[in-house]
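So the structure is just underneath, and the comments pick up after that.
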Amino acid sequence: MDRSQRLLFRPIKLRDMEVKNRFVHSATYEAMAEDGAVTEALINRYRTLAKGEIGLIIPGYMYVHPLGRTKNSQMGIHNDAMIPGLRRLVETIHQADGKVVFQLVHVGRQTTKDVIGETPMAPSRHRRDPSLFFVKPRAMTEEDIQVVIESFGHAARRAVAAGADGVQIHGAHGYLINEFLSPFFNRRRDAWGGSEENMFRFLKEVFGQIRAALPEGMPLMIKLNTNDHTPDPGITPDLARTYIAWLAEMGIDAVENSCGSGFSFMSAIRGDVPVDELVMMHSSWKKLLSRISLQRMVGKFDVYDGYNLEDSKAIKPALGEIPLMAVGGMRKVSHMEEVLEKGDAHFISICRPFIREPFLVKRIREGKTDEASCEYCNKCFGAIAHELPLRCYYKDDFRELLQKTQP
């Protein structure tokens with residue numbers, strides 16, 4: 001049965017960009033770049049995904065500044081040398097009738113000195129995360145802040161030069177913009193913190209720089225935490241609703257809401273906690289602390305259909321007619337259709353199921369499947385933590401695999 005007439009396959013426009021269906025490839029770190037540059041492996045991955053009929057593809061987050069990189073194999077958009085490879089990536093997706101939006105990020109504190117060559121920075125020098133990075137960052141200076149804001153604008157210009165159809169700001173998952181927005185991370189008492197307006201100021205300035213670099217018809221969207229799930233209060237649905245109302249006034253074109261950070265990353269991804277795989281990325285004393293922290297998460301983050309939807313509903317009044325991308329546990333076709341039909345979201349955003357089934361959308365359209373087959377074992381998450389290229393590792397013996405990759 002061909003499902004092409006259903007709402008899931010009805011085209012939708014964001015400014016001048018028309019998306020042929022309601023499926024979004026949510027940005028997923030691939031661990032496939034070399035010195036920030038696009039590789040053949042990345043081209044092949046996105047060629048396959050585009051042929052799988054995903055309407056809108058958001059590749060893995062691209063760092064806008066060398067100090068804003070979280071991993072060595074992350075894609076960069078931090079200098080003009082990246083443009084030819086990014087242009088080739090765009091052309092590959094366009095050739096298969098897909099649309100592509102670049103996600104721009106500065107990771108802030110969520111990196112290490114080994115990756116960037118110096119102590120990571122954040123709005124405030126506050127607290128060491130207990131399981132992934134173990135970093136206590138340095139507080140950003142006024143000069144740091146201005147450099148990063150301008151870096152987002154330069155990155156947006158490069159996205160336009162590469163032919164991208166749009167730009168998404170990464171304001172979620174504990175990265176730098178999320179850190180400024182969150183009272184858990186942002187303890188400043190200057191013009192960049194201390195009140196909701198001041199915490200929002202960094203994003204407001206970034207938004208202005210990016211919008212100025214984009215053509216009039218090019219959509220600008222954001223991925224935003226609606227719940228930080230941090231040990232002490234951070235962004236909550238109420239605070240997120242305030243931020244989204246301001247973004248709506250500024251002219252944001254779409255919102256993808258998510259949750260979590262390095263302090264609570266399993267709240268964002270759900271499913272099995274890959275304890276052994278993540279512990280193996282650390283050395284010496286960090287192994288024990290990481291294992292203790294990770295073991296506490298086991299059994300607490302089961303996957304259920306649409307696990308971000310309650311927060312999505314909480315922010316809907318602030319969105320008005322602005323499209324919402326629903327991400328998190330979007331597995332069953334019947335549930336996807338229900339979400340769209342009720343108006344709870346305008347797009348279905350998917351991450352891990354596309355790792356295992358790049359042709360999932362095509363199979364749904366052809367009536368060959370009613371549910372994604374991903375088991376949410378999260379071995380893929382463990383793999384990219386070790387800079388192994390993204391793929392489904394469900395059946396792999398991870399320890400044996402890592403031993404084979406050692407020099």
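A helix-only calculation puts the chain at -11000 deg cm²/dmol for mean residue ellipticity at 222 nm, using -39500 (n - 2.57) for each DSSP H run of at least four residues, averaged over all residues. Rounded to the nearest 20 debye, the dipole size of the chain about its Cα centre is 600 debye, using +1 on the Cβ of Lys and Arg and -1 on the Cβ of Asp and Glu. Fewest neighbouring Cβ atoms within 10 Å first, the residues Leu324, Leu56 line up as Leu324, Leu56.
The order of Met281, Met221, Met330, going from fewest to most other C-beta atoms within 10 Å of their C-beta, is Met281, Met221, Met330. Between Val167, Leu8, Thr111, the Cα set farthest toward the positive side of the dipole of the chain (charges on each charged residue's Cβ, about the Cα centre) is that of Thr111. Comparing Cys377, Leu239, Trp192 along the charge dipole axis of the chain, the residue lying farthest to the positive side is Cys377, per the Cβ-charge model.
When the Cα positions of Ser283, Ile269, Cys259 are compared along the charge dipole of segment 249-301, Ser283 comes out farthest toward the positive end, with charges on each C-beta of Lys, Arg, Asp and Glu.
Taking a ≥ b ≥ c as the square roots of the eigenvalues of the alpha carbon gyration tensor, the chain is rounded, as a/c is under 1.5. Cross-link pairs exceeding 31 Å between alpha carbons, from the set Lys113/Lys395; Lys99/Lys300; Lys20/Lys342; Lys20/Lys332; Lys71/Lys223; Lys287/Lys313: Lys113/Lys395; Lys99/Lys300; Lys287/Lys313.
Could you work out the relative contact order of the chain, using alpha carbon pairs under 8 angstrom and six or more residues apart, expressed as a whole percent? Relative contact order here is 17 percent.
Loop sites only, by DSSP: take the GluC sites (Glu not before Pro) in the chain that have at most 13 other C-beta atoms within 10 Å and name the longest stretch containing none of them. For GluC sites (Glu not before Pro) (loop position, at most 13 other Cβ atoms within 10 Å), the longest site-free span of the chain is 1-117. For Ala96, neighbours were defined as the other residues whose beta-carbon sits under 13 Å from its Cβ, and their charges (Lys and Arg +1, Asp and Glu -1) total +3.
If you restrict to DSSP beta bridges whose two residues both lie in segment 7-405, what percentage is antiparallel, to the nearest 5? Of the beta bridges lying entirely in segment 7-405, close to 15 percent run antiparallel.
Round to a whole angstrom and tell me the spacing of the C-alpha centers of segment 309-378 and segment 153-182. After rounding, the separation between the Cα centres reads 23 Å.
With neighbours defined as other Cβ atoms within 10 Å of a residue's Cβ, the residues Val160, Val339, Val167 order from fewest to most as Val160, Val339, Val167.
Values quoted throughout were computed directly from the atomic coordinates according to the rules given, and no laboratory measurement underlies them. It should be emphasised that the depicted structure is a prediction, and the values quoted were computed from it without experimental measurement. Glycine gets a Cβ as well: all are built from the backbone with ideal geometry, and neighbour counts include every protein chain shown.
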